[in-house]
Every structure is written in C-alpha cells, then in structure tokens.
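Chemist: Got a structure here, written out as structure tokens. Questions coming.
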Amino acid sequence: MIKYINEHTQEISRLRLELPFSIFPYIFTVIKKIVDKARVPGKFLLSGSANFALLKNLSESLAGRAIYLNMSPMSRRELFFKTEEEPFLMKFFRTQKIESSTTPEKIKDEDIIKGRLPPVALGLSERTLWFKGYEQTYLERDIRQFSQIVNLISFRHLLSLVALRTGSILSLSDLARNAKLNVSTTSRYLSLLEASFIIRRIHPYLKSKAARLIKSPKIYMSDSGLACYLAGIDSLDREPLRRALFETYVAQNLLLIIESRWQGANLYFWHIQGRYEVDFIIEAQNKCIAIEVKAGEKWEDRELSGFKAFVNNTENCIAGIVAYNGTNIVRLGDKLWAIPLSVLLS
C-alpha cells in the first residue's frame, strides 16, 4: 500500500498532526476548501483506525477530491518483503505456468494463530495481551461510538460466534438465534463489523451477477489471529476449526493481493448445496481459476470431486489449484495443479 501511495503522490505535507478522532468530521470541510483553492495531488494524507464513513456528523465526503484505501492486516508478501515482485497468482493466471522465486515451505500453525495484525505478527507484543486490549478498546469502545449498541454482552457473544463460524456460509437466522438477538439487529451488527474491517463477506460464484449478491455469502474474520483469539483457540493441534482457520488465512491474503495489485479481479466461492463446493474462485477478464485449500500435506481423491467438477464443467475456468501445506509443486492433470500454500500466496 505504501508503494502505491508513493507512486501516485506528488507531494506529501511534511506536517504530521495527530488529532482527536472526534475532530475528523469537521476537518473534512476545511480540507475541501483548501483543495478547491489549489488542486495538488497528495496535499493531505489522512489515516485512522476506522472507516471514515461511520463517523457521526460527517457531512462532507470529499467526493471527487479523495480516494479511500483500506489498510488490511499484513500479507505474507509484506512480512517477507516480496511486495516488489508480481504476485504468483497474477503470473499464473496470465500464463498457466509455474514461475516462482519463492522456496516452498510449510505454513506453521503459529502463523495462523498469530495472524497478520502488525504488533502480533512482528512479535512486538504478546499475542493474548494485545488482542485483549484490541477487543476492549476498538471492538468494544470505538465501534460502539459509531452505532447504537445497547447490549454489549450480546455484541461480544456475536463476535465470538462469528469467529467460530469463519469460513462458513452465513445463515443470518441461525446466527441471530444463537446470539439471542433478532435478525434485524444481527444484520445491523454484521454490517457494522464489515464496515469496520473486522469481518469480510465473499459472495457465491454464479452465472447471474445479480444472484451473486442475493444468495448467502461466506463470512470470514478479516484476520486469522483475531479469529483464534475470539474463538478461544491457542493451538491448532486436533482443533476442529483447523481447516476453517487455514481457509481464513488464505482468504485474507488473497483479498490483499486482489485489492492492492489486481484491479478488475474478484474473489468468490462455489457451492451446490449437498453436493459440491470449491473454496475460492478468482475471476478476471471473463476467465477464472478455482482454488481448493487443504490444511495438511495429503488429501483423498474423493475430496476433490467438487473441485474437479467445477474445473471440468466451467467453460471459462482456465486452471484449478489444490493449495496444500506441503513443499512440492505437482501437475495433477489437464489444467490441474497442486501448489504449496506458501507459493500460492507469494
């Protein structure tokens, strides 16, 4: 993201001000007047821990004068200083050839549990203590300032329930019932969490683009480490949610690649109730690739039935990837590959 700003900014003000969050709704009007007097790209760079659109009393959006960039948790590419390189997936999508400078390695359970929020990922803070502080300040205090949350206990309970459902298809009525909230309130809280970058929704891959928006999405925590903390998970050994948490980790990295480097690409999943499912579909330029995530080094052929059905029967599918936690790149057949997760996300 820093690279993007550097490439598209001609001037950055040398004056850095740390202002109370409450003043932001009013400073936007001042910025608008200054920008309208002299249009200088990069005159102002504003950052904050929350979506500006959620601020109360925000009457000015700076429409036509500003661009908003979402700063998601760090990706593997950022952590291993690979952001200068073109993402592996973009090259593979273009050529269907394996070209990677990354040495395949296994993704450790610790990587999933830590997640990619900088203080924890970089080892600057103790994991549990930092997440507890994050929950108490941002999740419980700051978000409550943006919207009327009357029952904090139910809101906390909903957060934990979403973490336990990460990587699953959202059933709003079931979630509301388990959280002891009505459907309307649950929907509002989820929208607030999504606008606050705590959760992400991925829509189903369907021929009808309208149906993609109507059918039930998959719901993910935006960070696997936060999901582990809210679900009370300290170890993935024999953990029933192990695969879902690996899938969450892959989702957050794929979304970062797409949003930061791959304009025009979109991330979906494919599901035929009671029969088949493919974890991720990346679509770009009217073509797509299918990605099936495996948390382990091995899998049964029967586990790939839905994956193969999609690849073989979808005309615009150019390749299928079994993304597994191993170290070898293997050709599985026509348009089919097994690729280590560490390479896929590089």
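Chemist: When you scan the stretch 28-35, do you find a residue that is buried (at least 16 other Cβ atoms within 10 Å of the Cβ), modelled with pLDDT of 75 or more and closer than 30 Å to residue 246 by Cβ, even just one?
Modeler: Scanning the stretch 28-35 turns up no residue that is buried (at least 16 other Cβ atoms within 10 Å of the Cβ), modelled with pLDDT of 75 or more and closer than 30 Å to residue 246 by Cβ.
Chemist: A further question follows. So which of 219, 233 ends up being farther than 15 Å from residue 200 by Cβ, out of contact with any Gly (no Cβ under 7 Å at 6 or more places or on another chain) and in contact (Cβ under 8 Å) with a residue 40 or more places away in the chain?
Modeler: 233
Chemist: Right, something else. Just to confirm my filter: which helices (runs of 4 or more DSSP H) fall fully inside the stretch 143-238 and include at least 1 residues that are modelled with pLDDT under 95, within 27 Å of residue 129 (Cβ to Cβ) and of a type in the set (Val, Ile, Thr)?
Modeler: 143-146, 152-164
Chemist: Would you check if there is a residue in the stretch 206-213 being surrounded by fewer than 18 Cβ atoms within 10 Å (Cβ to Cβ), more than 17 Å from the chain's Cα centre (by Cα) and touching a residue at least 60 places away in the same chain (Cβ under 8 Å)?
Modeler: No.
Chemist: Any residue in the stretch 64-91 that's under 19 Å from residue 249 (Cα atoms): show its pairings with residues that are at pLDDT below 80 and in a loop (DSSP other than H, G, I, E, B) at Cβ separation under 8 Å, as long as the two are six or more apart or on different chains.
Modeler: The qualifying pairs are 71/1; 71/47; 82/102; 88/99; 88/100; 88/102.
Chemist: Restricting the search to the stretch 176-205, which residues are within 14 Å of residue 149 (Cβ to Cβ), among the polar types (S, T, N, Q) and surrounded by 15 or more Cβ atoms within 10 Å (Cβ to Cβ)?
Modeler: 185, 186, 196, listed by residue number.
Chemist: Would you point out which residue out of 128, 103 is modelled with pLDDT of 90 or more, of a type in the set (Ser, Thr, Tyr) and loosely packed, with under 13 Cβ neighbours inside 10 Å? Spell out how you get there, then give the answer.
Modeler: Values: 103 fails: modelled with pLDDT of 90 or more.
The match here is 128.
Chemist: Still on this structure, please answer the following. Would you tally the residues in the stretch 276-306 being closer than 19 Å to residue 203 by Cβ and either part of a helix (DSSP H, G or I) or touching a residue at least 24 places away in the same chain (Cβ under 8 Å) (or both)?
Modeler: Summing the residues that are closer than 19 Å to residue 203 by Cβ and either part of a helix (DSSP H, G or I) or touching a residue at least 24 places away in the same chain (Cβ under 8 Å) (or both) in the stretch 276-306 gives 18.
Chemist: Which pairs have Cβ atoms under 6 Å, sit 6 or more apart or on different chains, and link a residue in the stretch 242-269 that is buried (at least 18 other Cβ atoms within 10 Å of the Cβ) to one that is modelled with pLDDT under 95 and hydroxyl-bearing (Ser, Thr, Tyr)?
Modeler: 253/75; 256/72; 256/75
Chemist: Pairs only if they're at least six apart or on different chains, beta carbon under 6 angstrom, first in the stretch 315-341 and under 20 Å from residue 109 (Cβ atoms), second surrounded by fewer than 19 Cβ atoms within 10 Å (Cβ to Cβ) and polar (S, T, N, Q); list them, first residue then second.
Modeler: Partner pairs satisfying both residue conditions: 340/327.
Chemist: Hey, another quick one. For residues in the stretch 300-331 being among the hydroxyl-bearing types (Ser, Thr, Tyr) and surrounded by 15 or more Cβ atoms within 10 Å (Cβ to Cβ), which is nearest to residue 254 (Cα to Cα)?
Modeler: The first filter runs over the stretch 300-331 and keeps only residues among the hydroxyl-bearing types (Ser, Thr, Tyr), leaving 305, 314, 324, 327.
Among the residues that remain, those that are also surrounded by 15 or more Cβ atoms within 10 Å (Cβ to Cβ) are: 314, 324.
On the way: 314: 22, 324: 15 Å.
Among residues in the stretch 300-331 that are among the hydroxyl-bearing types (Ser, Thr, Tyr) and surrounded by 15 or more Cβ atoms within 10 Å (Cβ to Cβ), the one nearest to residue 254 (Cα to Cα) is 324.
The values are calculated or read from the model by the stated rules, or taken from the named source; none is laboratory data. This structure is a prediction, so every number in the text was calculated from the model and none was measured. All Cβ positions, even for glycine, are placed from backbone atoms using ideal geometry, and neighbour counts span all protein chains on display.
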